[in-house]
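**Student:** I have a structure I would like to understand better, so I am pasting it below and will then ask my questions one at a time.
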Amino acid sequence: MVIEILFDESCNLFGDGQNSAYLKATLPEAQFIYTKITDVPYFVEQDPDIIYIGSMSESVQRRVINKLMPYKERLFALVEKGTPILATGNAGEIFCKHIQYVTEELEIDGLGIFDINVKTDLFDRYNGKVLADFENFKLVGFRSQFSMLYGDNTDYAFTKVIRGIGINRDSKLEGLRRNNLICTHILGPILPLNPLFCEYFIALTGTKAEAAHKEAALSAYYQRIKEFEDPVVPC
Amino acid sequence: MKKIRYYFALHVAKLAQFLMKLLGRNATFLPGKIAIKLSPDFLKHLTPPKTVIAVTGTNGKTTVSNLLSSILTQNGYSITNNSFGSNVQAGVISALIEDTTIFGKPKKDIAVLEVDERSSLLIYPDLKPDYLVCNNIMRDSLKRNAHTEFIQFIISKALPLSTKLVLNADDIISSSLKKDGQACVYFGISAEKPEGNIPQHIKDIVYCPECGAILESEYVRYNHIGRHFCTACQFQSEAPDYVITEIDREKDMFTILSKDGEEKYNLINDNIVNVYNFAAAIALLKELGLDHEQIAKGFSKTKIVKTRFEEIESGNLKITMLMAKGQNPIACARCYDYVAKVPGDNKCAILVVDDKDDNINNSESTCWLYDCDYSALADPSIKQVIFCGPRCKDHLLRALLAGVDESKISITEDCSESVNLLNTDICQHIYVLHELYRPEDARTVKNGLISLGKETHHGN
Ligand SMILES: [Zn+2]
């Protein structure tokens, strides 16, 4: 199995960098390719089994979009083919149609896989938690972001939240999904925090694997679900 | 009219400060808040002391501002500071109000103000500090500080060109706060150059600020702190004007080289993070015009504040209390690394780093654990690792992922329980890494260890 981690040198904010470490611990036999922003991505010529990209600063986000724009068609083809791609935090925004950076007074086009617009304001930070139903298990996670998404994701939301917000403060539908491209504003260590989701995501490749340190991970996961379900805990 | 509002606000705030003190209350925040409420541009009208020094940065600002206040006081200057209060706008204003007469005149010579990075925009445009010391800009609380580019942006936007900067040459992010035409001196450390390029868990700057190419490193001390250069353009780390060329850990002395030549000072703490703090303080004091003798006198009399570093012996146990700052991945990782590198092989690390406020009727965000490098805890000299607090299960998973052997990890939600988990047969030097805002839990562990030390001693 080949796993491509895109631009890990800078797209690693908020603990996102350790999702690849957890994949590595779960899939010790897999080959990991860490593509730097100055490299030609592996996916351009080859077929990786999984692609991961994590949170980044706003200026890096603009650079990443610039970098990937020439490979837009190839990325679309991989998405259509069903390659599992996970984008956490603001990484998923690169697949949206348009991004407005309010503070920097800039507007740019994204890769446009989703008909969704992004508004980023450095003086409007949102912090929150997510508790969501997903397949036959629950998802938990944290969010911290300057951006909100606008548009109708009813047909392609990643998940419906039980607690927390969706793509913006008025939405309950979190994230974006097309085939196995999953974009979620949950950031940080989503995979170690959700060992069942980690197994689910790997299973999208057709391979079954048990999440690393599963007993410890499950124990922390169940404690977190219990806490997030408690109405006293703010979301 | 605005000036009348200012005086009204000043008098009400001073009265509030007086009454709060009379009642034995902490008057380091509310008076400032009242002043801003009554006069939103209070700071614009206030006459500050003749010299205003702001100290900011992710890690070390409290240590640097305490050191500056202490040395300046020892040299006969009168100082306004907020070291016992808050470092946000209301805290800074409260400290200034306290030392302003009812006629609006400053009572002290110099203000040494620790300023929270996120408060920059509310403070610098009006206060216009004469000097700004910035020790480093690194990853911090993700909720509050987002990322370093954001912090650099707001400090830069807030600072007037008239402020003279004292910046860390070994930190490219804070180095780049300097704008064209701005007066600036840099400090750094050339002693104890690390050999080779040890891969870092996280680096907050990897691309050349000039051309965007991936930076090369001459060496890296930790995270992005070190010397970097670009092979695609001329960019390189700034040359320091004040550079620590030798750290003599035997004699507890260090040498700093500047335009004044080589000078020696007492090494009051040997953690490299603090050595940077010393370089920052000396650079600023020299810029103020103090000489070697005046500064060295201060260094021989000053200690790092007890809440940050304390060593106790009890029976056979040696206990070191270290402030580790939860939610701050780099400060915490530096503490883990310090424990791993200190000589000795009978060490135990007890970690009390969960955020207090975030765990009362809440469930703390543990993302920061994954930005924090836990691999130092796998060091064979650390025989036992005890995580205590509500997030102990998360720490366990994080430590396992970092390669810490499960057999040496113990966890407990109850801090008082941690002492019972300690194996004194293999661990005699106990490092308690504790969060600043959980002093009672730190005290519980400390007192438990002191009692245990006495018991085991009598038992022998
Ligand atoms: Zn360059």
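Read-outs throughout are calculated quantities, based only on the coordinates presented, and are distinct from any laboratory measurement. For clarity, every value in this text was computed on a predicted model and none was experimentally measured. With ideal geometry, Cβ positions are generated from the backbone for all residues, glycine too; neighbour counts draw on all protein chains shown.
**Student:** What's the angle, to the nearest 10 degrees (0 to 90), between helix B:292-301's Cα axis and the longest principal axis of chain B?
**Tutor:** On a 0 to 90 degree scale, this one is about 50.
**Student:** Still on this model: Considering the Cα trace of the range B:38-116, what is its radius of gyration and what is Dmax, both in angstroms?
**Tutor:** Looking at the range B:38-116, its Cα Rg and Dmax stand at 12.2, 37 Å.
**Student:** Evaluate the Debye formula for chain B with equal point scatterers sitting on the alpha carbons, no solvent, and hand back log10 of I(q)/I(0) at q = 0.06, 0.07, 0.14 Å⁻¹, in q order, two decimals.
**Tutor:** The calculated log intensity ratios at q = 0.06, 0.07, 0.14 Å⁻¹ are -0.28, -0.38, -1.41.
**Student:** Still on this structure, I have one more. Please report the antiparallel percentage of DSSP beta bridges with both residues in the range B:309-459, rounded to the nearest 5.
**Tutor:** Percentage antiparallel, nearest 5: 20.
**Student:** Rg (Å, one decimal) plus Dmax (Å, integer) for the alpha carbons of the range A:70-152?
**Tutor:** According to the Cα coordinates of the range A:70-152, Rg and Dmax are 14.6, 43 Å.
**Student:** Provide Rg and Dmax in Å for the range B:195-259, with only Cα atoms included in the calculation.
**Tutor:** Here Rg and the maximum Cα pair distance are 14.4, 44 Å.
**Student:** Out of every Cα-Cα pair in the range B:309-459, what percent are more than 23 Å apart? If you can, show how the numbers build up before the last one.
**Tutor:** Numbers: 3063 of 11325 pairs.
It works out to 27 percent of all Cα pairs.
**Student:** Kirkwood hydrodynamic radius of the range B:61-182 from all distinct Cα pairs, in Å?
**Tutor:** About 15.2 Å for the range B:61-182.
**Student:** Turning to a different aspect of this structure: With charges only on Cβ, +1 for K and R and -1 for D and E, what is the dipole size of chain B about its Cα centre, in debye, rounded to 20?
**Tutor:** For this selection, approximately 2080 debye.
**Student:** To the nearest 0.05, how large is the calculated FRET efficiency for residue A:230 and residue B:456 if R₀ is 35 Å and r is the Cβ-Cβ distance?
**Tutor:** Calculated transfer efficiency: 0.30.
**Student:** If you don't mind, there's one more thing I want to ask. Work out from phi, with θ = phi - 60° and the Karplus expression 6.51 cos²θ - 1.76 cosθ + 1.60, the ³J(HN,Hα) of each residue of the range B:377-390, listed in order in whole Hz, and give x for Gly and Pro.
**Tutor:** 5, 7, 3, x, 6, 8, 7, 9, 10, 10, 9, 10, x, x
**Student:** Among DSSP beta bridges whose residues both lie in chain B, state the antiparallel percentage, nearest 5.
**Tutor:** The answer is about 35 percent antiparallel.
**Student:** Considering only the range A:37-155, what is the antiparallel percent among its DSSP beta bridges, to the nearest 5?
**Tutor:** Around 70 percent of the beta bridges assigned by DSSP in the range A:37-155 are antiparallel ones.
**Student:** Mind pulling the angle between the C-alpha long axis of helix B:148-158 and the longest principal axis of chain B? Nearest 10 degrees, somewhere in 0 to 90.
**Tutor:** 20
**Student:** Cα axis of helix B:2-22 to longest principal axis of chain B: angle in degrees, 0 to 90, nearest 10?
**Tutor:** 40
**Student:** Also, I was wondering about something else. For the range B:1-69, compute the number of Lys pairs whose alpha carbons are separated by less than 26 Å, excluding pairs fewer than 8 positions apart on the same chain.
**Tutor:** The number of close lysine pairs in the range B:1-69 is 22.
**Student:** Once you place label points 7 Å from the Cα toward the Cβ at residue B:381 and residue A:214, how far apart are they in nm?
**Tutor:** 3.8
**Student:** Please state, as a whole number in µm²/s, the translational diffusion coefficient that the Stokes-Einstein equation yields for the protein assembly as shown at 10 °C and 1.306 mPa s, with Rh defined as the Kirkwood radius across alpha carbon pairs.
**Tutor:** 59
**Student:** Only loop residues by DSSP count here, and only those with at most 11 other Cβ atoms within 10 Å; note down the GluC sites (Glu not before Pro) in the range A:23-90 that meet that.
**Tutor:** Within the range A:23-90, the qualifying GluC sites (Glu not before Pro) (loop, at most 11 other Cβ atoms within 10 Å) are A:29, A:45.
**Student:** Give me the three principal axis extents of the range A:2-229 from the C-alpha atoms, as integers in angstrom, largest value leading.
**Tutor:** 47, 41, 30
**Student:** A follow-up question, please. For residue A:226, list the lysines whose Cα falls under 29 Å from its own Cα; do not include residues on the same chain fewer than 8 positions away.
**Tutor:** Within the straight-line cut-off, residue A:226 pairs with A:24, A:129, A:138, A:160, A:172, A:208, A:214, B:143, B:325, B:356, B:393, B:408.
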